[in-house]
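The values are calculated or read from the model by the stated rules, or taken from the named source; none is laboratory data. Here the structure is a predicted model, which is why all the values come from computation and not from measurement. Cβ placement follows ideal geometry from the backbone for every residue including glycine, while neighbour counts extend to all protein chains displayed.
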Amino acid sequence: MKKSASFAVLLCSIAACYAAACGVEEDIETKIDCHGVCQRYSDCFDAEYDVSACQNRCENGVDTGDLGFDEVDSCESCIDDRSCAGGTLNCADECVGIVP
């Protein structure tokens with residue numbers, strides 16, 4: 001009985017660690033995606049655009065729930081292989097609320 005309880009505690013600990021790791025992975029990807037979207041806007045439309053401020057707004061939006069992780073990921077994925085004009089024309093819906 002004691003071994004079963006110990007095993008159950010071990011399994012719960014592993015599950016908790018896995019769940020925590022998933023959150024960290026999502027945080028890292030959000031930082032990368034937010035930076036990519038903001039930097040791309042700067043590269044394409046406004047060299048003076050404050051990329052750091054944009055990235056902070058984007059990350060805070062995900063943290064507060066104003067932006068979804070999936071929304072940021074979709075925007076970054078959409079613009080990734082497109083020209084500046086192609087990204088503007090084809091990704092406006094995905095990127096609304098992240099960059100102007």
- [ ] Would you be able to tell me the number of residues in region 82-100 that are touching a residue at least 24 places away in the same chain (Cβ under 8 Å) and outside any loop (DSSP other than H, G, I, E, B)?
- [x] 5
TODO: Check whether at least one residue in region 12-31 is surrounded by 10 or more Cβ atoms within 10 Å (Cβ to Cβ), touching a Gly at 6+ places or on another chain (Cβ under 7 Å) and either modelled with pLDDT under 95 or in a helix (DSSP H, G or I) (or both), and report yes or no.
DONE: no
